[in-house]
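Asker: Take this structure first; my questions come after.
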Amino acid sequence: MRNKMGIYLLISLLVIIIDAATKWWIKSEMNYGESIQVIGDFFRITSHRNLGAAFGILQNQRLFFIIITIVIVIGIVWFLRKSVQEQNKFLSFALSLLLGGAIGNFIDRATTGEVVDFFDFYFAFIDYHFPIFNIADCAIVIGVCMLILDNLLLWRKEKKESVMK
Ligand SMILES: CCC[C@@H]1OC(=O)[C@@H](C)C[C@H](C)CCCCC(=O)CCC[C@@H](CC)/C=C/C=C(\COC)CC[C@@H](O)[C@@H](O)C[C@H](O)CNC1=O
């Protein structure tokens, strides 16, 4: 069980390294507010900082976010041990992505108090600017979607089994 857990912690570490490397590159190669077009106005790399959480909510609540993230990380590790014991690979992978993303943003909050964001999407046809985000956010959102999917699949499997009985 121990080495199985190690594989998922390695995945989390990979997410943390990629997230930290991209944030470091943005901070060293771009000025704050600078923007580079990748695909026209649709997709740009913009050097941005967020003092809050998703959609910029709760600005300047650094200590609150640090505490919340520590609780979330402890919860994820606890569930990861459980899902590894149950040999649920899909759930374990989802949790390792969540863990990596949460720690990735935690490092920003603990060190500078602000999160570095740079993926900048603008949907011209509805004039909507999606909040600028980073690799850690992607890992978290993918992890959350996989968690939801895992529960939906589980629910359907149980439903099928109860119908079979
Ligand atoms: C993704 C979670 C946000 C991330 O949470 C974290 O760190 C966690 C581990 C710790 C938080 C302190 C606590 C969770 C708050 C819950 C929350 O926020 C609800 C989220 C809904 C979510 C659906 C799952 C939408 C998606 C968001 C965005 C799209 O992401 C692709 C926009 C990202 C941009 O606003 C960007 O500026 C954000 C900045 O990077 C800081 N990031 C965070 O706070």
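The values are calculated or read from the model by the stated rules, or taken from the named source; none is laboratory data. All values derive from a computational prediction rather than experimental measurement. Cβ placement follows ideal geometry from the backbone for every residue including glycine, while neighbour counts extend to all protein chains displayed. Surface accessibility is based on the protein's heavy atoms, side chains included, excluding ligands, DNA and RNA. Shrake-Rupley method; radii C 1.70, N 1.55, O 1.52, S 1.80 Å.
Asker: Kindly report the accessible area of the chain per residue (heavy atoms of protein chains, probe 1.4 Å, no ligands, DNA or RNA), in Å².
Answerer: 63
Asker: Something else now. Tell me the mean residue ellipticity at 222 nm calculated for the chain from its helices only (DSSP H runs of n ≥ 4, each -39500 (n - 2.57), averaged over every residue, nearest 500).
Answerer: Mean residue ellipticity, 222 nm, calculated: -22500 deg cm²/dmol.
Asker: Further question: Helix 89-111 against the longest principal axis of the chain: what's the angle in degrees, Cα atoms only, rounded to the nearest 10?
Answerer: 30
Asker: Could you please state how large a percent of the accessible area of the stretch 1-160 is carbon and sulfur, counting protein chains only and using a 1.4 Å probe?
Answerer: Working: 6780 of 9690 Å².
Carbon-and-sulfur percentage of accessible area, whole number: 70.
Asker: May I ask for the angle, rounded to the nearest 10°, between helix 135-164 and the longest principal axis of the chain, with both axes built from Cα atoms and the value confined to 0 to 90°?
Answerer: Computed tilt is about 20 degrees.
Asker: Where Lys and Arg each count +1 and Asp and Glu each count -1, what net charge lies around residue 134 among other residues with Cβ under 13 Å from its Cβ? Provide the component values of the computation, followed by the final result.
Answerer: Details: positive: 23, 27, 49, 109; negative: 19, 108, 114, 117, 120, 137.
Local net charge: -2.
Asker: Taking 7 Å along the Cα-to-C-beta vector as the label spot, tell me the residue 164-residue 49 distance in nanometres, rounded to one decimal.
Answerer: The two pseudo-label positions are separated by 5.6 nm.
Asker: Now, a different point. Would you grab the residues whose amide H sits under 5 Å from the one on residue 49? Only those 5+ places off in sequence or on another chain, please, with H modelled 1.01 Å from N.
Answerer: Close amide H contacts, sequence-distant or interchain: 117.
Asker: Given 10 Å bins starting at zero, what is the percent of C-alpha pairs of the chain in each, up to the one with the largest pair distance?
Answerer: Distribution as computed: 10, 33, 31, 19, 7, 1, 0 percent.
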